[in-house]
Amino acid sequence: MKNIEEKLAGVRTIGISGHVRPDGDCVGAVLALYNYIRDYDPDIDVRPYLEPIPNVYRFLKGSETICDPRTAEAVPAFDLFIAVDCGDASRLGAAAEFLVDAGTVVCIDHHVSDHTFASDNYVREDASSTCELVFELMDVNRITEEIAACLYTGIINDTGVFQYSCTSAKTMNVAGILMEKGIDYPKIVNDTFFIKTYNQNRVMGQALVDSRLYLDGRCIVSAVSLEQMREFDVQPKHMEGIVSQLRVTKGVEIALFFYGNEDGTWKGSLRVNSDFNAAEVAAVFGGGGHVKAAGFTIAGSLSECTKRVLSEIEKRLQAA
Ligand SMILES: [Mn+2]
């Protein structure tokens, strides 16, 4: 695939979706594509599907048209289905249903995975974000201010405002072009990345206080239980940023953070400073992600889960 236009020829209906618990990159990519197709091919019936998005992304154009795939009414098969920011079909959650009858399935992504669920892939594991890839597939002259806001939001989300090592010179160039489209970038950065609610800051504080060093200080671990999440009145989306804060502890190579899921399991997140491969460890527990940032779901008591993940980490540290 070289550009989006080549996929639109003869297409009358399009579904677009991304991963469960959508983040800024996922929301930005879905809405950038949605707006692009609406603006330039208004005859195409295009529909965006995502689980409820964090409120901070509601300012993006078209966000009010997003349907929750878990409750969406049945629709006829899409001529084209575009999956963004998903390494495998299960990450689509309920939207994976659309894969069954879709005419063509296109996947745009930057996760380490095999992507066999799509017939046409635009996957670059070294790209900062899916939004950077969506940018590459668009005609730059057709990128409006609203589309630029979607893409910029996604890029800053996945690069931590250009601080993570996934940021490349190309990422900066793309961001520069998007800035020239007239977006209010300081406001986007502040409102979608830095601003935390009072409760969010308090729960992060708790997680930092509770953190412990393991493996001679090379690994830092912390957790927030479901009970604590209720106590602080926070949701899973508010756990964002905690593992990144743990990662910047001096001397630490690997940060491991758990929070409680409703079903009693734990969501585990890994962030890495060294050349340690986080995606490999996440894959052991059925998860995935990127080399320096990965996630998984694990069942058991917190101490048991911590032990199991640490032992996988230790094995690899010793082998290196
Ligand atoms: Mn992403």
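The values are calculated or read from the model by the stated rules, or taken from the named source; none is laboratory data. Since this is a predicted model, take the numbers as computed values, not measurements. Every residue, glycine among them, receives a Cβ derived from its backbone with ideal geometry; neighbour counts consider all protein chains shown.
Overview of values
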| item | result |
| --- | --- |
| Test for T297: is it modelled with pLDDT of 95 or more, touching a Ser or Thr at 6+ places or on another chain (Cβ under 6 Å) and under 22 Å from H110 (Cβ atoms) | yes |
| Matching entry among K181, K187 (being more than 15 Å from the ligand (Cβ to nearest atom), surrounded by 14 or more Cβ atoms within 10 Å (Cβ to Cβ) and modelled with pLDDT of 95 or more) | K181 |
| Qualifying residue in region 107-116 (condition: more than 16 Å from the ligand (Cβ to nearest atom) and small (G, A, S)) | no |
| Residue count, region 240-273 (criterion: within 19 Å of K307 (Cβ to Cβ) and over 20 Å from the mean Cα position of the chain (by Cα)) | 4 |
| Residues located in region 190-213, provided they are surrounded by 20 or more Cβ atoms within 10 Å (Cβ to Cβ), in contact with a Gly (Cβ under 8 Å, 6 or more places away or on another chain) and hydrophobic (A, V, I, L, M, F, W, C) | M204 |
| Some residue of region 18-38 being in a loop (DSSP other than H, G, I, E, B), closer than 22 Å to E73 by Cα, among the charged types (D, E, K, R) and away from the ligand (no atom under 16 Å from the Cβ) | no |
| Residue match in region 193-209 (condition: outside any strand (DSSP E or B) and within 15 Å of the ligand (Cβ to nearest atom)) | yes |
| Search result, residues across region 69-106 that are under 17 Å from the mean Cα position of the chain (by Cα) and part of a loop (DSSP other than H, G, I, E, B) | D85, C86, G87, D88 |
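For (1) part of a loop (DSSP other than H, G, I, E, B); (2) farther than 18 Å from I220 by Cα, each residue gets a yes or a no:
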{"residue": "T297", "(1), (2)": "no, yes"}
{"residue": "G300", "(1), (2)": "yes, yes"}
{"residue": "E314", "(1), (2)": "no, no"}
{"residue": "L317", "(1), (2)": "no, no"}
